[in-house]
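Student: After the structure tokens below, expect a handful of questions from me.
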Amino acid sequence: MKRNNIVIIGGNSGIGKAVAALAKESGANLFLYSRSGEGNYQFDVTDEASELQDLPEVIDGLVYCPGSINLKPFHRISMEDFKAEMDVNFFGAVKTLQACMKNLKKSEAASVVLYSTVAVQTGMGFHAGIASAKGAVEGLVRSLAAEWAPNHIRVNAIAPSLTDTPLAKQLVSTDEKRAASDKRHPLGRIGTPEDIAEATLFLLGIKSSWVTGQILHIDGGMSSLK
């Protein structure tokens, strides 16, 4: 990955920060965008007026990290709630991909990594909002993987289970909550940002050069084991 241009949306916290750290160790040139602007550039995925500034002419890797965790019973999820989930998780990704498409096509072997959730494949109560939005992301991944394959652009997604990031803070805010969350996973713990970052680097790198259109489940066994 040395000297590759890697664009990370949401690269200043959580999984994005961990991805940036590993990519930097690998010698990549990083272009980090976040709502706060901390790091490199300011970019708000939900703001129609916000644009990606100073993108590299050639983009070898694109990682879209913004997400949400808003768990509610279905009868309490308003249409505004559903739209908010879609804005961050799906429409923000669409906006980013359209802005980066020409630059990705200039790479000899570009890779795009998006994020889904274990809740798309494994039905979970109170997850209707986020599972619907991430389900749209999975459909986008497969469609773009097919459409962009002739341009040698690979498109994949990672579907984590609960990961110890600022976004999940309220779900693991006490020792009791963390212990309960750990116990739900067959491997006995929730994920770390580094767990997801390592998988992301694999999908960005040459070792996954024959992988596209896939949803990689990095979830401690949650989606397939009992």
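Student: Taking only DSSP H segments of four or more residues, each worth -39500 (n - 2.57), what value at 222 nm results for the chain once the sum is divided by all its residues, to the nearest 500 deg cm²/dmol?
Tutor: Details: 7 runs with 81 residues, N = 226.
One gets -11000 deg cm²/dmol as the mean residue ellipticity at 222 nm.
Student: Dipole of the chain, Cα-centred, from +1 at each Lys and Arg C-beta and -1 at each Asp and Glu C-beta, to the nearest 20 debye?
Tutor: 500 debye
Student: Using only the alpha-carbon atoms, what does the chain span along each of its principal axes? Please give whole angstrom values in decreasing order.
Tutor: Here the spans come out as 47, 36, 34 Å, largest first.
Student: Sticking with this one: Quick check: pseudo-label points 7 Å beyond the Cα along Cα→Cβ at SER143 and LYS183, how many nm apart are they?
Tutor: Result: 4.2 nm between the two label points.
Student: Can I ask one more? Show which lysines lie in cross-link reach of LYS95 when reach means a straight Cα distance below 22 angstrom and same-chain residues fewer than eight apart are skipped.
Tutor: Excluding near neighbours in sequence, the set is LYS17, LYS83, LYS105, LYS106, LYS134.
Student: Here is a further query. Among GLY37, VAL7, ALA199, pick out the residue whose Cα is farthest towards the positive end of the charge dipole of the chain, where Lys and Arg carry +1 and Asp and Glu carry -1 on C-beta, about the Cα centre.
Tutor: ALA199
We did not get these values from a lab; they are worked out from the coordinates using the rules stated. Note that the structure is a prediction, hence the values are computed from the model and not measured. So basically every Cβ, Gly included, is an ideal-geometry build from the backbone, and we count neighbours across all protein chains shown.
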